[in-house]
Amino acid sequence: MPYYRAIGLGLLIIGVLVVAFKVLPALALGEAQLSLGRPAPDFTLPTNTGSGQVSLQDYRGKWVVLYFYPKDFTPGCTIEAQRFQRDLPRFQELNAQVIGVSADSVDSHAKFCGAEGLKFPLLADTDGAVSKAYGSWMGFISRRHTYIIDPQGVLQAQFTGVNPGVHSQEVLDKLIELQGFQSA
């Protein structure tokens, strides 16, 4: 086999491996490919608030900040939740509801909210179905992703690779931009 063909074959194999390691795991985990400007996947999940279940439809007419996180009581997730709680009055001023989602149980969410003083709902996606629909599932826990959904139920922004310490402010800034206000 001539040298240039061996190089070409090697590059082809490398290309196939890159695709296999980047694309196939996402497909195997059932990750959705979401498009901004399209309707957000609807859901109904049990909540820690004692009100039974919460659906995306319950928030029509409001902006929704839907954030997925791995686990209650872990350092990064606690920081992220604390920041959303700190900024909750600002989100409310912008007609936005913050909602957290993880694979933890309703009981775990209730304890987490009590321990951290969280005043927004945490939803129990124990089988990962909603996390999968939003492309945020890692096989047994949710990835740290956030979505901003407009009052008509349309996806307007997506955040991946989230830094828990500054994420709430990033989401606020984007929400203000989407609503056409000046950031304060």
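Taken together, the values in this text are just the output of simple stated rules run on the coordinates, not laboratory data. Fair warning: this is a prediction, and the values are worked out from it, not measured in the lab. Here Cβ is always computed from backbone atoms with ideal geometry, including for glycine, and neighbour counts include all displayed protein chains.
Spin-label model, LEU94 to ALA129: label points 7 Å out along the Cα-to-beta-carbon direction sit 3.1 nm apart. Note that segment 99-114 has calculated 3J(HN,Hα) couplings of 9, x, 9, 8, 7, 5, 6, 4, 4, 4, 4, 4, 5, 5, 4, x Hz, one per residue in order, obtained from phi through the Karplus relation 6.51 cos²θ - 1.76 cosθ + 1.60 (θ = phi - 60°); glycine and proline are x. Here the label points at VAL166 and LYS111, each 7 Å from Cα along the C-beta direction, are separated by 3.4 nm in the simple model.
The gain in end-to-end length when the GLU177 to ASP58 segment is fully stretched comes to 40.4 nm, 0.36 nm per residue minus the alpha carbon separation. Normalised by residue number, the volume inside the convex hull of the Cα atoms of segment 34-179 is 95 Å³ per residue.
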